[in-house]
Amino acid sequence: MNYFNLYFLNLYFYIFFMIYSAVFIPLLALIVTFLSLFMNQRATMKRFRRAIGWWGRGITLIPFPLVKIYYEDHSKGNTEEPYIFVCNHRAASDGFLMSVLPHEAVQVVNIWPFRIPVLGFFARRAGYLSIRKMQPEVFFEKATELIRGNVSIIFFPEGTRSASRKMGNFHSSAFRLALKSKAPIVPLCISGNENIPPKGSLLLRPGTIRIRRLPAITWTDYKGMTIFSLKNKVREIIGNELSLMENGV
């Protein structure tokens, strides 16, 4: 792709991103405020989180067909929600890609998303969890409470994006929570977005992103494991599946 087409793609994307967000976000705020007059907080939060998912899904559609996204559900529907989703992390776009999941969910994020004007406000209102900002006991208390309320939780256990096909080491929080809550763990593999955009750049590049959801690992499967062995098991499952995906399987 030549530079003219590359810059045209990005100009087109960011203009529509700003227009779409400028319309959708105030509309979302008005709708949620209106619904809160007639619903309890739990019902309002459920619709608020789903609305954020719709907003994210709309953003992922803007650069189509130059950026194509495919969601592959290999879960076999073998468990009931809520889930603990564990995902590899290659690009800043990963958070938006989570909008493909048909579940009420919150993400575990670093501090910086909360510092973004407007988006940070909605992340806080949706109950997103900052792993760096909370004391561990507070984090696990809030996360467990969400799971008990039938809200799934999305982790990127590498902590920071790898910016390549090489997967980093996993932190333990997702697996510690799993052993506390007994919730099923769902490995989620993301391939093809390491340059959409590249690390240190805001320029999107054309490409195809595949998101593959694998069968859940249930409490029965992992209840006898340690945090360390469970972490390595899930990392190995995701690593093996990414190798298949990148070889065209």
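The values are calculated or read from the model by the stated rules, or taken from the named source; none is laboratory data. Here the structure is a predicted model, which is why all the values come from computation and not from measurement. Here Cβ is always computed from backbone atoms with ideal geometry, including for glycine, and neighbour counts include all displayed protein chains. Protein only, heavy atoms only, side chains kept; ligands, DNA and RNA dropped before computing areas. Shrake-Rupley method; radii C 1.70, N 1.55, O 1.52, S 1.80 Å.
Past 29 Å, Cα to Cα, is the threshold; run K68/K180; K68/K182; K76/K223; K68/K142; K142/K199; K46/K182 against it and keep the listed order.
On the way: K68/K180 38 Å; K68/K182 35 Å; K76/K223 21 Å; K68/K142 35 Å; K142/K199 31 Å; K46/K182 22 Å.
Too far apart for the 29 Å limit: K68/K180; K68/K182; K68/K142; K142/K199.
Return one whole number: the accessible area per residue of the range 155-249 in Å², for a 1.4 Å probe. List each step's numbers first, then the result.
Working: 4350 Å² over 95 residues.
I get 46 Å² per residue for the range 155-249.
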(request) Please work out the Kirkwood hydrodynamic radius for the range 167-249, using every pair of different C-alpha atoms, and report it in angstroms with one decimal place. (result) 14.3 Å
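What FRET efficiency comes out for T218 versus L30 if R0 is 35 angstrom and r is the Cβ-Cβ distance? Round to the nearest 0.05. Write down the numbers at each step before the final one.
Numbers: r = 41 Å, r/R0 = 1.16.
After rounding to 0.05, the efficiency reads 0.30.
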(message) How many angstrom lie between the Cα centre of the range 148-223 and the Cα centre of the range 1-65?
(response) 22 Å
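Give me the percent of the accessible area of the range 54-96 that comes from carbon and sulfur atoms, probe 1.4 Å, all protein chains in place. The partial results should precede the final answer.
Working: 1260 of 2120 Å².
The C+S portion of the solvent-accessible surface of the range 54-96 is 60 percent.
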(request) With no solvent and one equal point scatterer per Cα, compute the Debye intensity ratio I(q)/I(0) for the chain at 0.14, 0.16 Å⁻¹ and report its log10, rounded to two decimals. (result) -0.98, -1.28
(message) Heavy atoms only, 1.4 Å probe, whole protein assembly: order K68, K133 by accessible area, highest first.
(response) K133, K68
(message) Given the DSSP H assignment, sum -39500 (n - 2.57) over each helix run of at least 4 residues in the chain and divide by its residue total; what's the result at 222 nm in deg cm²/dmol, nearest 500?
(response) -14000 deg cm²/dmol
(request) With just the Cα atoms of the range 1-141, tell me how far they stretch along each of the three principal axes, in Å, largest first. (result) 50, 37, 31
(request) Return the percentage of antiparallel bridges among DSSP beta bridges fully within the chain, rounded to the nearest 5 %. (result) 20 percent
